[in-house]
1. Name the single residue that is farthest from residue 123 (Cα to Cα) among those in segment 66-87 being open to solvent by less than 60 Å² (accessible area, probe 1.4 Å) and in a loop (DSSP other than H, G, I, E, B).
2. Starting from segment 73-89, keep only residues that are within 15 Å of residue 115 (Cα to Cα), then list their pairs with residues that are surrounded by 18 or more Cβ atoms within 10 Å (Cβ to Cβ) and among the small types (Gly, Ala, Ser) whose Cβ atoms are within a distance under 6 Å, requiring at least 6 positions of separation or different chains.
3. I'd like the residue in segment 52-65 that is open to solvent by 60 Å² or more (accessible area, probe 1.4 Å) and outside any helix (DSSP H, G or I) and, out of all such residues, is nearest to residue 113 (Cα to Cα).
4. Being modelled with pLDDT under 85 and over 17 Å from residue 54 (Cβ atoms) narrows it down to one of 141, 125, so name that one.
5. Given the conditions (1) over 14 Å from the mean Cα position of the chain (by Cα); (2) assigned to a helix (DSSP H, G or I); (3) closer than 17 Å to residue 143 by Cβ, report the number of the one that residue 19 does not fulfil.
6. One residue is enough: does segment 125-138 have a residue meeting the conditions of a type in the set (Gly, Ala, Ser), exposed (fewer than 13 other Cβ atoms within 10 Å of the Cβ) and in a helix (DSSP H, G or I)?
7. Where residues in segment 90-101 are open to solvent by 50 Å² or more (accessible area, probe 1.4 Å) and touching a residue at least 12 places away in the same chain (Cβ under 8 Å), which of them is nearest to residue 139 (Cα to Cα)?
8. Confirm whether residue 7 is open to solvent by less than 40 Å² (accessible area, probe 1.4 Å), in a helix (DSSP H, G or I), among the small types (Gly, Ala, Ser) and modelled with pLDDT under 95.
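The values are calculated or read from the model by the stated rules, or taken from the named source; none is laboratory data. Nothing here was measured: the structure is a model prediction, and the numbers come from that model. Cβ placement follows ideal geometry from the backbone for every residue including glycine, while neighbour counts extend to all protein chains displayed. With ligands, DNA and RNA removed, areas are computed over all heavy atoms of the protein, side chains included. Shrake-Rupley method; radii C 1.70, N 1.55, O 1.52, S 1.80 Å.
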Amino acid sequence: MTSRSRGSGKIEMAIENCRSEGKWKKVIELAEELKLGSPHYESLSNFLIGEGKLESFLDENPPIEANYAKAKTGLSEAKNFLQMVTGEDGQRAGIALDAHLLLAKLAYACGQYNEVLEHFVKAELNSLSEKELTPRSLRILAESYAIK
């Protein structure tokens, strides 16, 4: 094992801890560090940055009608990062499903309910098979069912 892969493993563990604790600004910082350390982690890093930007925004701006206009502009960067990982690279990295669920949450925060449903269809929310999920992925899934 190289020192680089050991270092990225420590970063990944720190990211998971920050995600479970809701420390989104730190998640973004660590994800950017992970991306710089190895291009192999680009899809994961983009996902984490998008997730962090979405959750940070929602911590300060709840998804209510009064915030829809602000969300449409304030979440554009998060949306771009999450959309980057919904294709083949994201599927190979195992994050495309979570990206679609977070994009549905983002669309909900913007009041774009048809887009929410489109992302649920793309994520195949109604036909998810049983698999082991991290606590954060379980939370994303639970929030998706609540939004639906």
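1. Looking at the filtered set, the residue picked out is 75.
2. Taking only residues 6 or more apart or on different chains, the pairs are 82/50; 82/99; 86/96; 86/99.
3. Just the residues of segment 52-65 that are open to solvent by 60 Å² or more (accessible area, probe 1.4 Å), to begin with: 59-60, 62, 64-65.
Pick out the ones that are also outside any helix (DSSP H, G or I) and you get 62, 64.
On the way: 62: 16, 64: 13 Å.
Applying the filter and picking the extreme gives 64.
4. Numbers: 141 fails: over 17 Å from residue 54 (Cβ atoms).
Just one listed residue meets the conditions, 125.
5. Here residue 19 meets the rest and fails (1).
6. If we filter segment 125-138 for residues that are of a type in the set (Gly, Ala, Ser), which is where we start, we get 127, 129, 137.
Remaining after also requiring exposed (fewer than 13 other Cβ atoms within 10 Å of the Cβ): 127, 129.
Those still in the list that are in a helix (DSSP H, G or I) too: 127.
Yes, the conditions are met somewhere in segment 125-138.
7. 93
8. On the way: open to solvent by less than 40 Å² (accessible area, probe 1.4 Å): yes; in a helix (DSSP H, G or I): yes; among the small types (Gly, Ala, Ser): yes; modelled with pLDDT under 95: yes.
Judged against the criteria, residue 7 is a match.
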